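One structure is given here, and the rest of the page talks about it.
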Amino acid sequence: MKKIGETFANAFCHEGVTKVLTLESSGISPALMTAYELGVPLLVARKRKPVTLSENLYTAKVYSFTKREETEIFVSQSFLHHQDRVLIIDDFLANGQAALGLTDIVAQAKANVAGIGIVIEKAFQDGGQLLRSRGFRVVSLARVASMQDGTVQFAEEVMCQ
Ligand SMILES: O=P(O)(O)OC[C@H]1O[C@H](OP(=O)(O)OP(=O)(O)O)[C@H](O)[C@@H]1O
């Protein structure tokens, strides 16, 4: 995770990132290390609204590929402002719904998406294309081309300096 954080921090070091944003729960580890390396705060979008989160919220709908269900995600408006340049980090990219929901939250705050960092992109699903076609810079540390008969085949590595 430390190495992953260093790699994302390196890839987005010229983007003026002010905050890292992820969605609970699996994205937290790489996002935390990236935020630490960049020296900026980490924001975690929640999937269930705790009773303590009663203030004004940005919300978006996200359909989970792995759980086959739609959830509403929440970020407190207190922590995201229009001056922010937000780096979205997640562990997996499949259909792109999680990342897209996070870009929606950034847009609601009238902030900017500085980029999207993904640990493993399932390149045989359309999330990567969806996000790139919308103009987002997506950096994936590993791209899986196929998973068949118990064998994982990787596409080319897309590592940034
Ligand atoms: O590109 P997508 O199709 O949106 O899929 C990627 C999302 O799926 C996984 O989350 P999951 O819903 O399994 O929740 P978890 O992180 O709590 O395991 C993963 O952590 C991403 O957030």
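The values are calculated or read from the model by the stated rules, or taken from the named source; none is laboratory data. Keep in mind the model is a prediction, meaning the values are calculated, not measured. Note: ideal-geometry Cβ built from the backbone for every residue, glycine included; neighbour counts use all protein chains shown. Just so you know, the surface numbers come from the protein's heavy atoms only, side chains and all, with ligands and any DNA or RNA stripped out. Shrake-Rupley method; radii C 1.70, N 1.55, O 1.52, S 1.80 Å.
Of all accessible surface on the range 2-154 at a 1.4 Å probe, what whole percent is carbon and sulfur? Carbon and sulfur together cover 50 percent of it. Close amide H contacts of Ala114 (hydrogens built in the peptide plane, cut-off under 5 Å, sequence separation of 5 or more or a different chain): Val86, Leu87, Ile88.
Expressed per residue, the C-alpha convex hull volume of the range 1-77 stands at 109 Å³. In this view, the solvent-accessible surface of Met1, computed with a 1.4 Å probe and all protein chains in place, comes to about 110 Å².
Using heavy-atom solvent-accessible surface (probe 1.4 Å) with all chains present, what is the largest-first order of Arg143, Arg68?
Numbers: Arg143 45, Arg68 145 Å².
Sorted descending by solvent-accessible area, the residues read Arg68, Arg143.
Multiplying the residue separation of Thr59 and Arg132 by 0.36 nm and removing their Cα-Cα distance gives an extension gain of 24.0 nm.
Picking from Ser29, Ser140, Ser54, which is most flexible by a Gaussian network model of the chain using Cα springs under 10 Å? Per the Cα network of the chain with a 10 Å cutoff, Ser54 tops the list. Among beta bridges from DSSP that stay inside the chain, the antiparallel ones total about 40%. Applying 1/(1 + (r/R0)^6) with R0 = 45 Å to the Cβ-Cβ distance of His82 and Ala142 gives a FRET efficiency near 0.85. Heavy-atom accessible surface of the range 68-161, averaged per residue, reaches 51 Å², computed with a 1.4 Å probe. Got a sec? Which residues in the range 65-106 would a label at Thr52 touch, if it sits 7 Å along Cα→Cβ and we count backbone N under 12 Å? No residue qualifies, since no backbone N sits under 12 Å from the label point.
Remark: relative contact order (the chain) = 20 percent; criterion is Cα-Cα distance under 8 angstrom and separation of 6 or more residues.
Hey, quick one: spin label on Glu15, modelled 7 Å out along Cα-Cβ, who in the range 43-65 has an amide N within reach, i.e. under 18 Å? Only 43-45 pass the distance filter.
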